[in-house]
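Read-outs: derived from the displayed coordinates by stated rules, not from any lab. Because the structure is predicted, anything quoted here is derived from the model rather than measured. Glycine also receives a Cβ, built like all others from the backbone with ideal geometry; neighbour counts cover every protein chain displayed.
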Amino acid sequence: MTEEFKKENDAVAESFIKRYFIDPWKSDDRKVWEHSRNFEVFFGTKCPFGCKYCYLNRKGDDLYPTDIQRDDVLIANMAKVLEWMKRENMAPKGFLFFSGEPFVQEACMKAIDMTLDAFAESEKKPEQITVPTGFGFMFYPEMVERVEKLMEKSRRVGIPIHLSASIDGKHCEPNRPFKDQTIKRDDEFYDKAFSFMAKWKIGAHPMIYSDLIENWKDNWKWFQEKFLKHGIPFYKIYLLEVRNAEWSPDQIGRFSEFIDFLIEWTYEKVFNKNADHTLDFIFNHGFNLLRNSFLEGDGRGMKCALQDYMFLRLGDLAWVPCHRTSYDQFIFGRFIEKNGKIDGFSSDNSDLIPAIYSMKGEDMPYCENCAIRDLCVQGCLGSQYEATGDLFSPIPTVCELEHVKVFTIIKTLKRLGLIDKATAYIPENRRKAFKRVSDMVLNTVN
Amino acid sequence: MQFTGLEIMVAGTCPLNCSYCYIPKTPGMDRIHRDVLVSLEDESVFKRAFNLAGGGIENIGFWGTEPAIVMDVLTDKIPTMKRIFPLLRHISFSTSGIAADPIIPFVKAASRSGINVNIQVSLDGPDFISDVNRFSGAADIVPNNVKKIVSALKDIQAKLVINWKPTLTLQNMKEMDDSKIREYFDFFKRVNTEIISANKNPNIRIAEHSAAPTPMLPGKYTALDGVAFAEFIRRVHATGNRTAHTIKMIDFFRRTAEFKNDKKRMMCGAGNSFMAVGGRGFICHRSFFFDDDDYVDAAIAGTDEWLVAKLNRKTVEMLRKWYMPDPDDKGDIERYLHVMEGFHRFNKLAVSNIEAATLELAMVGQVDREFLDDPVYLRLFALFMSTASNCPFENILNTSSANVMPFSMIRFHGNGAFREVIKTIR
């Protein structure tokens, strides 16, 4: 019975992988995809930074045990993955290399290079390779040169590498310290980093964290000064609130002040009090922090990228729900090897696959009846597990944070005289909810 | 949240070793039992229960293994329970029916304190089942003991309800042809008639419908197991009888009007209306023992017996960290209650998870293909499963989330069993 049971679980997982990932990756017509089907190489957890809010920093060994992060194994597994994709004539829409700090790891550089080589001559190739980086490589000129060579190569072979700069800004520096406390980011570092960002059209993605939230107005001005100095457009900044449990009521209040400031700054400093331009920017283009509550959605049930990706923990070829939830008990299963090649899949927690890939954030317990369920960026499953013990149970403080965010956006739009026009700029499937919540918030305020 | 119920661990060892028991027997259980006994005698378990669940308890259930072996201690502790939980009106326990003598004085004492008692007696049917699953002679001994209890309690003023808890393994179901199914139901009819005749007290009632057979859970069920279960239900229905699932389905429709906003009435109250308490808090009695390292090691070593897909150290560690709240940590209790309240109160996620899993299983031929073609049928199935057959503890052990039901349960019910039950309702 046990053998048959396992066989059946494997069959469900394999069927899902084929339908959800392999078939789209093989397809020539990417438009038929309901939404992006990407591939994340969860490379490792090695990182010179000790970011206060970072899950790899806090829970790294549980998410990715160090004993499965040997460089030779990682490289060998990368070769197997690429061989499998080539053999099956498939290419994910995009690759993402996720690690603590990819560019200070020789093996990760090599894995990215291998990916470029593997698809260089292919008719079917990924559209891009994304690499989030803390810009640790900027401290080493020879590494900068190597990164640039890799980026040049990526463009030559038609799979451009896009970096995203994990820099939290001068005024939030203590949130993102180096583990080696003798290393500091100074003005010289930042000028080098912003110059590099300008050259390669790289945006910043600072995290809005509870600690030092009171500094964010100054931090914002600092970012914009740097952008101006280096010729980077004002909007090349992806803001995301850290949805960890530790937000205090006072910090949430400060967060609200920053949201209010950000909208006003955009309205006055960027768009010279042009309501239409401001609203179009906020709801359709602009800073993720403001926009993410109102995203139209593109077939996904979650507003994070969870359902867009196959997340592969490279060290043991484990398919995991995401890099934030790669705890042992949530591993869907592992790709199995025969004669050094990927050949099949062995399930572990395959029961969780349909739940993760089909879920809608607004269906989570408590969200079901929540007033802002259609306007909420929703909790992070990994953070929810770490705080509540359940992937799907929202964190009350994060609920408060998101309520305050939505309410502040509405109140600020009202304060600036933008609220009446706002609805027209909101994606159609969010308008009704926006109207409902606005009426509720503004009537309560008045 | 105000708890009204408790499940208290009162015993850690058992004289029996029933074939389907969810508690594998390991050598260290004698030590666990001694610890449990101390916690009853020094009353620390009741104090922990108060810290975890508050003083508003109206119902207490005795769980662990066989409570009959500690009935003398429990009888002595009735005043303590009444003192700590002044609203206590009801005590229940589940027994294998191996002995009547320890139970009789307990029920009398409870009655004198104004406490009603419910006794669930594990009896699986005639000798060809009970004697095989439980112990030799069970089919005669257990009903005789119940008769003895009933006869001895002709004067109690409080209410006593006795119900049967028949559990069938899949093998039992497969082996039961039409005549054996008739024999099964005839057996309970005869036993009920005899006990009802022996009963001279209007305060004592035998729950006759409780003879409906329930399947052994959890299980690593395959599609073929589901087909066998469906065939068993079909045969039971053909004899004009009902299974526990049939009864649940009738209840499901009866409650339809109210259940949408009150899922928890359809489910057990684990972590919601009741708290389970041993050395610390537990989801329910089924998770007792999981806080003991030696026990877990021994049980994992014989893991096939536990019929849980993901039973390993990591899962147990997760269970301990998140689902065994510390009685002295209010924050931990609040967190635990938040998760369990979410599980019990809300249903959209459970329904959508079950629907998604059922569709995946249907696509690979592991449940009825009808689910792919009929969204209403799929929804009805998911609603039924999410309320009437949804066990948070089993979900956690198998999928690591209370909110995700394992494939096993869906295969078991989705290969004709649900269709058979629906047919009967129609």
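Here are some pairs, A:K217/A:K273; A:K273/A:K435; A:K125/A:K201; A:K59/A:K217; B:K348/B:K423; which of them have Cα atoms lying more than 28 Å apart in this structure? Beyond 28 Å between Cα atoms: A:K59/A:K217. When Rg and Dmax are taken over the Cα atoms of the stretch B:117-157, they come to 12.0, 37 Å. Computed from phi, the 3J(HN,Hα) profile of the stretch B:284-293 under the Karplus parametrisation 6.51, -1.76, 1.60 (θ = phi - 60°) reads 7, 4, 5, 9, 4, 5, 6, 8, 9, 4 Hz, with x in place of Gly and Pro. Rounded to the nearest 20 debye, the dipole size of the stretch A:311-404 about its Cα centre is 380 debye, using +1 on the Cβ of Lys and Arg and -1 on the Cβ of Asp and Glu. Inter-chain neighbour count for B:341-350: the average number of beta-carbon atoms from partner chains within 10 Å of each residue's beta-carbon is 6.
Taking Cα centre as origin and charging only the Cβ of basic (Lys, Arg, +1) and acidic (Asp, Glu, -1) residues, the dipole magnitude of the stretch B:122-163 rounds to 260 debye.
Globularity index of the stretch B:117-266 is 1.14 (Cα radius of gyration / 2.2 N^0.38 Å, N = number of residues). What Kirkwood radius, in Å to one decimal, follows from the Cα pairs of the stretch B:41-160? Its Kirkwood hydrodynamic radius stands at 15.2 Å.
In chain B, helical runs assigned H by DSSP with n ≥ 4 each contribute -39500 (n - 2.57); averaged across all residues and rounded to the nearest 500, the mean residue ellipticity at 222 nm is -15500 deg cm²/dmol.
When only the Cβ of Lys, Arg, Asp and Glu is charged (+1, +1, -1, -1), the dipole of chain A relative to its Cα centre reaches about 1180 debye.
Kirkwood analysis of the stretch A:129-187, using all unique Cα-Cα pairs, places the hydrodynamic radius at 13.0 Å. Rg and Dmax of chain A, based on Cα coordinates, read 22.2, 71 Å.
So if we plug the beta-carbon distance of A:N272 and A:E148 into 1/(1 + (r/R0)^6) with R0 = 30 Å, what FRET efficiency do we get, rounded to 0.05? Working from the Cβ atoms, E equals 0.20. No solvent, one uniform scatterer per C-alpha: report log10 I(q)/I(0) for the stretch A:90-192 via the Debye equation at q = 0.17, 0.18, 0.21 1/Å, two decimals. So the normalised log intensities work out to -0.80, -0.87, -1.09.
Against the globular-protein guess of 2.2 N^0.38 Å, express the Cα radius of gyration of the stretch A:302-377 as a ratio, rounded to two decimals. It is 1.34.
Across the stretch B:1-83, C-alpha contacts under 8 Å between residues 6 or more apart give a mean separation that, scaled by the residue count, equals a relative contact order of 52 percent.
If R0 is taken as 60 Å, the Cβ-Cβ distance between B:S19 and A:K124 corresponds to a FRET efficiency of 0.60.
Amide H to amide H distances under 5 Å link B:E7 with B:G61, B:M275, B:A276, B:V277, where only residues 5 or more positions off or on other chains count and H is placed in the peptide plane.
Considering only DSSP states other than H, G, I, E and B, which trypsin sites (Lys or Arg not before Pro) in the stretch B:330-369 qualify as loop sites with at most 12 other Cβ atoms within 10 Å?
Details: sites: B:K330, B:R335, B:R345, B:K348, B:R369; in loops: B:R369.
Here the trypsin sites (Lys or Arg not before Pro) that fit, given the DSSP loop and packing criteria, are B:R369.
Percent of Cα pairs in the stretch A:1-100 per distance bin of 5 Å, from zero to the largest separation: 2, 10, 15, 15, 15, 17, 14, 8, 2, 0.
With the convex hull built on the Cα atoms of the stretch B:365-424, state its orientation-averaged projected area in nm². The orientation-averaged projected area of the Cα hull of the stretch B:365-424 comes to 4.0 nm². Based on alpha carbons, the Rg and Dmax found for the stretch A:242-339 are 19.8, 65 Å. Note on the stretch A:309-446: the alpha carbon radius of gyration divided by the globular reference 2.2 N^0.38 Å gives 1.41.
May I ask you to compute the full-extension gain from A:R70 to A:H285, defined as 0.36 nm times their residue separation minus their alpha-carbon distance, rounded to one decimal in nm?
73.3 nm
In a DSSP loop and with at most 16 other Cβ atoms within 10 Å, the GluC sites (Glu not before Pro) in the stretch A:1-93 are A:E34, A:E88. Summing charges over all other residues whose Cβ lies under 14 Å from the Cβ of A:E264, with Lys and Arg as +1 and Asp and Glu as -1, gives +4.
Averaged over the residues of peptide B:222-235, the number of Cβ atoms from other protein chains lying within 10 Å of each residue's Cβ is 1.
In chain A, the calculated helix contribution to ellipticity at 222 nm averages -13500 deg cm²/dmol per residue, counting -39,500 (n - 2.57) for every DSSP H run with n ≥ 4. Calculation over all alpha carbon pairs of the stretch A:28-178 in 10 angstrom steps from 0 returns a P(r) of 10, 38, 35, 15, 2 percent.
The distance between label points at B:L224 and B:N203 comes to 5.4 nm (points 7 Å beyond Cα on the Cα→Cβ vector). Could you state the orientation-averaged shadow area of the convex hull built on the Cα atoms of the stretch A:51-118, in nm² to one decimal? The Cα convex hull of the stretch A:51-118, projected and averaged over all directions, gives 5.4 nm². The alpha-carbon positions of the protein assembly as shown define a convex hull whose volume is 178 Å³ per residue. Computing FRET efficiency as 1/(1 + (r/R0)^6) for A:I336 and B:D155, where r is the C-beta to C-beta distance and R0 is 51 Å, gives about 0.15.
State the three equivalent ellipsoid semi-axes of chain B, derived from the C-alpha gyration tensor as the square roots of 5 times its eigenvalues, in descending order and whole Å. Provide the component values of the computation, followed by the final result.
On the way: eigenvalues 207, 152, 86 Å².
Each semi-axis is the square root of five times an eigenvalue, giving 32, 28, 21 Å.
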